[in-house]
Amino acid sequence: MTVNHLNRLVFSDQIIHGCFTLRTPGALESGNLALHVCLDPMDVMENRKLLQKDTLSLDVWCLPWQKHTNRVVRVSKKEAGRGAYEAESSILETDGLYTTDPGLLIGVFTADCLGILFSDPTIPLIGAVHSGWKGTAQAITLKLIEALKADGLYHPQTLKVYFSPSLMVHSLEVGPEVVDQVCQMADQNHLSLEGCILPGQGNRSYLDNQLVNVRMLESQGIRPENIHLSNLDTKTSPYGFSYRRDGSKTGEHFSCIWIEDQKPHLFLTSDSLLGKPDSCWNCLLSADPCKSSQDSQS
């Protein structure tokens with residue numbers, strides 16, 4: 001099978017563009033983009049070369065080396081190329097990036113965890129966060145917002161947020177120690193966890209990681225209609241990379257975003273899983289967090 005483009009979900013917001021890559025049967029390592037989790041780095045680089053045709057050149061990618069922290073870093077064109085060709089040059093010990101520089105692509109990698117992309121074309125501003133349950137328990141989403149406020153870049157009325165495919169609530173079973181950490185974080189930040197934690201088997205529980213992050217965003221004044229959730233469960237979908245399903249053999253999704261410095265050409269017209277992903281966005285990504293939460297609990 002010849003694969004000319006990787007499966008992906010895409011969106012555009014005026015001068016800002018982003019996408020979430022998906023598992024691509026037939027591609028090398030099924031479309032894995034992560035150098036730190038791979039069987040052959042050369043295959044990953046071939047996949048990155050495929051994606052650069054639809055995004056920006058690898059020379060202007062800037063990536064973090066994620067460690068489930070709540071560290072957020074502002075980057076600029078001076079960091080262009082970091083992490084693009086080898087993992088060792090990534091922004092170390094970091095799980096969130098943001099920038100106001102056009103022509104710089106930033107992103108995060110996930111396999112079950114939640115990738116969150118931030119877009120505000122009025123500044124313009126973009127951000128990317130990796131938030132599994134550990135990042136959520138450390139409130140990394142709020143850490144990014146704190147950094148934006150400190151830099152005078154936070155406009156909650158115009159900021160839009162897009163969530164990657166991740167574990168849906170009934171695929172994310174956690175132990176009481178995880179629940180305790182999430183509850184402590186919520187108490188510290190005065191967040192309601194109603195509907196976020198459901199009973200599981202024995203002393204275990206199901207955690208709605210998306211909904212907890214929605215509560216963080218809404219607590220900071222972001223409009224519900226500007227929060228776009230994902231309905232694609234990485235554990236159950238054939239287009240999902242899942243550590244819980246496949247263990248260390250899994251690849252990872254790539255959630256990436258950039259501000260254009262010239263008009264895009266192939267991005268919205270090239271092949272993808274959905275054919276016309278921009279027009280089908282709402283089929284897989286719901287803009288109604290309340291409805292999405294209710295659906296996941298039914």
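Taking the alpha carbon gyration tensor of the stretch 67-144, what are the square roots of 5 times its eigenvalues, largest first, to the nearest whole Å?
Whole-Å semi-axes of the equivalent ellipsoid: 19, 16, 10.
Using θ = phi - 60° and the Karplus curve 6.51 cos²θ - 1.76 cosθ + 1.60, what whole-Hz ³J(HN,Hα) does each residue of the stretch 242-247 get, with Gly and Pro shown as x?
Using θ = phi - 60°, the values come out as 9, 5, 5, 7, 10, x Hz.
I need the semi-axes of the equivalent ellipsoid of the stretch 162-229: take the C-alpha gyration tensor, multiply each eigenvalue by 5, square-root it, list largest first in whole angstrom.
The answer is 22, 15, 8 Å, longest axis first.
So what J values fall out for the stretch 93-104 if you push phi through Karplus, 6.51 cos²θ - 1.76 cosθ + 1.60 with θ = phi - 60°, rounded to Hz, Gly and Pro as x?
Result, ordered by residue: 6, 9, 10, x, 10, 8, 7, 10, 7, x, x, 10 Hz.
Taking amide hydrogens as modeled 1.01 Å from N in the peptide plane, which residues meet the under 5 Å criterion relative to Arg8, leaving out close sequence neighbours?
For Arg8, the qualifying residues are Leu22, Leu273, Leu274.
In the stretch 216-262, how does Rg compare with the Kirkwood Rh, expressed as the Rg/Rh ratio over alpha carbon atoms?
Rg/Rh for the stretch 216-262 comes to 1.13.
In whole Hz, what ³J(HN,Hα) sequence does the stretch 14-25 give by Karplus (6.51, -1.76, 1.60; θ = phi - 60°), x for Gly and Pro?
Karplus values, whole Hz, x for Gly and Pro: 6, 9, 10, 9, x, 7, 10, 6, 10, 4, 10, x.
About the Cα centre of the chain, how large is the charge dipole given +1 on each Lys and Arg Cβ and -1 on each Asp and Glu Cβ? Please answer in debye to the nearest 20.
So the dipole magnitude of the chain works out to roughly 100 debye.
Do the sum for the chain: with -39,500 (n - 2.57) for every DSSP H run of n ≥ 4, divided by all residues, what is the mean residue ellipticity at 222 nm, to the nearest 500 deg cm²/dmol?
The per-residue figure over the chain is -6500 deg cm²/dmol.
I need to check one value: relative contact order of the chain, counting alpha carbon pairs closer than 8 Å and at least 6 residues apart, in percent.
This gives 25 percent for the chain.
Using the charge dipole of the chain (Lys, Arg: +1 at Cβ; Asp, Glu: -1 at Cβ; taken about the Cα centre), state which of Asn7, Phe118, Ile227 has its Cα farthest towards the positive end.
Final value for the positive-end residue is Asn7.
Normalised by the residues of the stretch 7-88, what does the relative contact order come to in percent, with Cα pairs under 8 Å and at least six apart?
20
Past the 28 angstrom mark, what percentage of all C-alpha to C-alpha distances in the chain do you count?
31
From the Cα gyration tensor of the stretch 80-209, with a ≥ b ≥ c the square roots of its eigenvalues, which class applies: rounded if a/c is under 1.5, or else prolate if a/b is larger than b/c, or else oblate?
prolate
Let me know the charge dipole size of the stretch 30-124 about its Cα centre in debye, to the nearest 20, where only the beta-carbon of Lys, Arg (+1) and Asp, Glu (-1) is charged.
260
Output the relative contact order of the stretch 92-181, whole-number percent, from Cα pairs under 8 angstrom with separation of 6+ residues.
Over the stretch 92-181, the number comes to 32 percent.
We did not get these values from a lab; they are worked out from the coordinates using the rules stated. It should be emphasised that the depicted structure is a prediction, and the values quoted were computed from it without experimental measurement. A quick note on method: Cβ atoms are made from the backbone with ideal geometry, for glycine too, and the neighbour counts reach across all protein chains shown.
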